[in-house]
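Every read-out reported here was derived from the displayed coordinates using simple, explicitly stated rules and does not represent laboratory data. A quick note: this is a predicted structure, and the numbers were derived from the prediction, not measured. Every residue, glycine as well, gets a Cβ built from its backbone with ideal geometry; the counts of neighbours run over all protein chains shown.
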Amino acid sequence: MKPDQQRIAIAEACGFADIMLPMGFHQQLSDEKSKQCGGRWRFEIPDYLNDLNAMHEAEKVLWDTGKAMEFTNQLVGIVCSARGFRWDKGTPDDHLMCLSHATAAQRAEAFLRTLNLWIE
């Protein structure tokens, strides 16, 4: 998935609605009414792929839906693979080390995979 696709998918999963993609001056003028009704410009949504605090907030959705453990498993797999570890052969300490070094982008991917929103 492209970064903008990921950001929008996470924002929508977190309850953002009417995410608008400005397409020039005239488009922005016509969408001003939408913005007043609760729409958000694409550049106003959090930078989930680079901001750990934003991902921390997004991850609360997973706790609320009972998918926190699935997210953790996805994240361990992503981070351990990136570091060259076999996550299925690792110890709990290996998994904790992987989790503690997860980037915002890796957390975003795990979030989207957990909610079946990831597109190859």
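Grab the other residues whose beta carbon is less than 14 angstrom from that of Ala58, score K and R as +1, D and E as -1, and report the net.
Numbers: positive: Arg7, Lys60, Lys67, Arg107, Arg113; negative: Glu12, Asp47, Asp51, Glu57, Glu59, Asp64, Glu109.
For residues surrounding Ala58, the net value is -2.
Obtain the radius of gyration and the Kirkwood radius of the stretch 40-82 from its C-alpha atoms and give Rg over Rh. Walk me through the numbers on the way to the answer.
Details: Rg = 12.3 Å, Rh = 11.7 Å.
With Rh from the inverse mean 1/r over Cα pairs, Rg/Rh is 1.05.
Which order results if Arg7, Arg113 are arranged by neighbouring Cβ count within 10 Å, fewest first? Provide the component values of the computation, followed by the final result.
Values: Arg7 23, Arg113 17.
Ordered by Cβ neighbours within 10 Å, fewest first: Arg113, Arg7.
What is the fewest-to-most order of Phe111, Phe71, Phe16 by other Cβ atoms lying within 10 Å of their Cβ? Intermediate results must be reported in sequence, preceding the final value.
Details: Phe111 26, Phe71 20, Phe16 17.
Ordered from fewest to most neighbouring Cβ atoms within 10 Å, Phe111, Phe71, Phe16 come out as Phe16, Phe71, Phe111.
On a full-extension model of 0.36 nm per residue, what is the gain between Ile119 and Glu57, subtracting their alpha-carbon distance, rounded to one decimal in nm? Kindly include the intermediate steps, with their values, before the conclusion.
Details: separation 62, 0.36 × 62 = 22.32 nm, distance 2.23 nm.
Gain in length upon complete extension: 20.1 nm.
What's the exposure ranking of Ile10, Ile119, Ile45, going from fewest to most Cβ atoms within 10 Å? Before the final figure, lay out the partial values.
Numbers: Ile10 25, Ile119 10, Ile45 18.
Final ranking by Cβ density, sparse to dense: Ile119, Ile45, Ile10.
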